[in-house]
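Accompanying notes for the structure given below.
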Amino acid sequence: MKVLFIASLGILALVQTPLSFADNANGKTLYSQRCAMCHGADIKGTGPLANKSTPPTPDLTTSAFKKRFNDYPGVIVSSIILRPNGDLIPRTLRENGVKIPPHAWSIKDLRDLHQYMTGVISKNR
């Protein structure tokens, strides 16, 4: 069931009308509030908590990540956020005293975040 849900997110990401990088305020807000503390504003793994997780936060602008991101649009972002057994992100935040209010992720949120990250990554080519 979880695999079907994640696959559905990938398909939805492909069929949705793309947002321009400048118009994606929701994606930028989600990234800034929920991701940048580890991944940094440049998505290169340069945030203040980047080296405080094990393994350290990866650079998402590498050619290997760009390939995965393009091969599986929407799936990479949603699978990281929604992973059922992953404790790395919550543990890293907890151990460093960072409190983020719970967020009920919608498909639109995941799509917007993916679109925003795609825009930032494409600027880093």
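Read the figures in this text as sums done on the coordinates, not as results from a lab. Computed from a prediction, not measured in an experiment: that's the story for all the values here. Because the Cβ atoms are built from the backbone with ideal geometry, glycine has one as well, and the counts that use them run over all protein chains shown.
Hey, fewest Cβ within 10 Å first, where do Tyr72, Tyr31 land in order?
On the way: Tyr72 17, Tyr31 20.
Lowest to highest Cβ neighbour count: Tyr72, Tyr31.
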### Task
Can you list which of the trypsin sites (Lys or Arg not before Pro) found in the range 67-110 are DSSP loop residues with at most 12 other C-beta atoms within 10 Å?
Lys99
### Message
List the lysines whose Cα sits under 21 Å from the Cα of Lys44, skipping any in the same chain fewer than 8 residues away.
### Response
Lys28, Lys52, Lys66, Lys67, Lys123
### Task
Please list 58-64, 101-107 highest first by mean number of surrounding beta-carbon atoms within 10 Å per residue.
58-64, 101-107
